[in-house]
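Written below as structure tokens is the structure these notes are about.
The values are calculated or read from the model by the stated rules, or taken from the named source; none is laboratory data. Remember, it's a predicted structure, so these values are computed and weren't measured experimentally. Glycine gets a Cβ as well: all are built from the backbone with ideal geometry, and neighbour counts include every protein chain shown. For accessibility, only protein heavy atoms count, side chains too; no ligands or nucleic acids. Shrake-Rupley method; radii C 1.70, N 1.55, O 1.52, S 1.80 Å.
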Amino acid sequence: MSVVSSKIIFCEGKQRSLDAQLLERVLETLPAERPTIVPCGSKFSFSLFAQGYFSPQEIGSQKYLVFRDRDFDAKPSEEVRLIQLDSQSVLLTHRACIENYFLDPDLIHGYWREKYIEKQNYPIFKWAHKDSPGINRIAQWMENAAKSLQDYQAVRWALGDLLFSSPTRTHLKTTWTDGSGDLPSSLALVDCRTEARELINQFRQAVETVTLDRFEASLANYSNRQGG
């Protein structure tokens, strides 16, 4: 696939999804060469998508960034900024997801008023919410909604804690060689079996750190924070 720009930013979603549209708006004022925004679906498919997007000759040298929602994959820093995940090429939103940047009472009120006025001027417009209830009312709704999510958020963070340490991110590998397609030094059954058993032991040690006791301790910690 030919690359439009030498700078590539992969993001979640589809071509007309919010992620891609927002990035385009943010970057359109850049005086220099603008990066190419490439939506690639789920956050779990970035690596494979990048391998398919670039040619075999480009994949080793092509520089790119991955921009996606933080979700519960990293704790937000005290400083409001993007968060690096694992590698310098993966950047997460500071808020839980990109949609949260639009949760602003003034912004919602302004949009609501604009759509209501349009409806008044053009009755054929589809807007069934009447006029805005006001910034204060919207802010109260948002606060109530946030409070109703506290217990759910605490459980999600407690689950996330089980993944923050690198061992628990381990997946069961099916090869013990360094490079893709490389063969091991010995192809004998006894040697391959020994290597496979070692992979299984490493995986089991990592998984054993995911316990109900750790989950309950983390859940109590987050619940106490919210209760205070």
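Observations, loosely collected:
- In summary, Leu172 fulfils each of the numbered conditions (1) assigned to a loop (DSSP other than H, G, I, E, B); (2) under 30 Å from Asp73 (Cβ atoms); (3) at pLDDT 85 or above with the single exception of condition (3).
- Number of the exception - Leu48 against (1) of a type outside the set (Gly, Ala, Ser); (2) without any contact (Cβ under 8 Å) to a residue 12 or more places away in the chain; (3) in contact with a Leu (Cβ under 6 Å, 6 or more places away or on another chain): (3)
- Residues of the stretch 178-207 that are closer than 30 Å to Leu163 by Cβ, open to solvent by less than 100 Å² (accessible area, probe 1.4 Å) and assigned to a helix (DSSP H, G or I): Thr194, Glu195, Ala196, Glu198, Leu199, Ile200, Asn201, Gln202, Phe203, Ala206, Val207.
- Of the residues making up the stretch 122-136, those that are surrounded by 12 or more Cβ atoms within 10 Å (Cβ to Cβ) and at pLDDT 90 or above are Asp131, Ser132, Pro133, Gly134, Ile135.
- The condition of being touching a helix residue (DSSP H, G or I) at 6+ places or on another chain (Cβ under 7 Å), over 26 Å from Glu24 (Cβ atoms) and surrounded by fewer than 12 Cβ atoms within 10 Å (Cβ to Cβ) does not hold for Lys147.
- Here Ile98 passes the criteria (1) over 18 Å from Ala146 (Cβ atoms); (2) touching a residue at least 24 places away in the same chain (Cβ under 8 Å); (3) β-branched (Val, Ile, Thr) except the one numbered (1).
- A residue that is without any contact (Cβ under 8 Å) to a residue 24 or more places away in the chain, surrounded by 12 or more Cβ atoms within 10 Å (Cβ to Cβ) and hydroxyl-bearing (Ser, Thr, Tyr) occurs nowhere in the stretch 81-91.
- Output for the stretch 105-122, where each listed residue is more than 27 Å from Leu82 (Cα to Cα), among the hydroxyl-bearing types (Ser, Thr, Tyr) and part of a helix (DSSP H, G or I): Tyr116
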